[in-house]
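The values are calculated or read from the model by the stated rules, or taken from the named source; none is laboratory data. Values in this document were obtained by computation on a predicted structure and should not be read as measured data. All Cβ positions, even for glycine, are placed from backbone atoms using ideal geometry, and neighbour counts span all protein chains on display. With ligands, DNA and RNA removed, areas are computed over all heavy atoms of the protein, side chains included. Shrake-Rupley method; radii C 1.70, N 1.55, O 1.52, S 1.80 Å.
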Amino acid sequence: MTASSRTARPQARRGPLARLLLGKPVVIPPGAYRYRCGVCRTTFGPAASHAAVVALRTGHRADKHGGGAPDSEEITSPAPLSPFTVLGAYRPMFERVLVAVGIVAFLILLIASW
């Protein structure tokens, strides 16, 4: 057994009902981090993670500023997700739940009218 196989996280398995109601998992893409050097007036990015943009900053400092930190540099992070964005990601799940509730309500009414 290799070290990577011991540390790998197991995949979560879903039952058939969960697959029907939840559908495919929705992946929200990471935001775009950017690095801005105020001295050079240059913006680097977008980068998918904070660590990636820090690597860009370190490389730029070494290449253009001799390893020093220039004045007025900044790393901008993506805007936080709004509740509407997060709920929008779960829309397929809500639609499936509504369909399931509608089917159950129809069956109850059908049996009650019998």
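Listed by first and then second residue, the pairs with beta-carbon distance under 9 Å, at least 6 apart or on different chains, first residue in the stretch 46-73 and free of Cβ contacts under 8 Å to residues at least 24 places away in the same chain, second surrounded by 11 or more Cβ atoms within 10 Å (Cβ to Cβ) and polar (S, T, N, Q), are VAL53/THR76; VAL53/SER77; GLY67/THR58.
Against the numbered list (1) open to solvent by 60 Å² or more (accessible area, probe 1.4 Å); (2) at pLDDT below 85; (3) not in a loop (DSSP other than H, G, I, E, B), THR43 comes up short only at (2).
Starting from residues that are open to solvent by 50 Å² or more (accessible area, probe 1.4 Å) and among the small types (Gly, Ala, Ser), keep the ones in the stretch 50-66 and report whichever is farthest from ARG34 (Cα to Cα). Applying the filter and picking the extreme gives GLY66.
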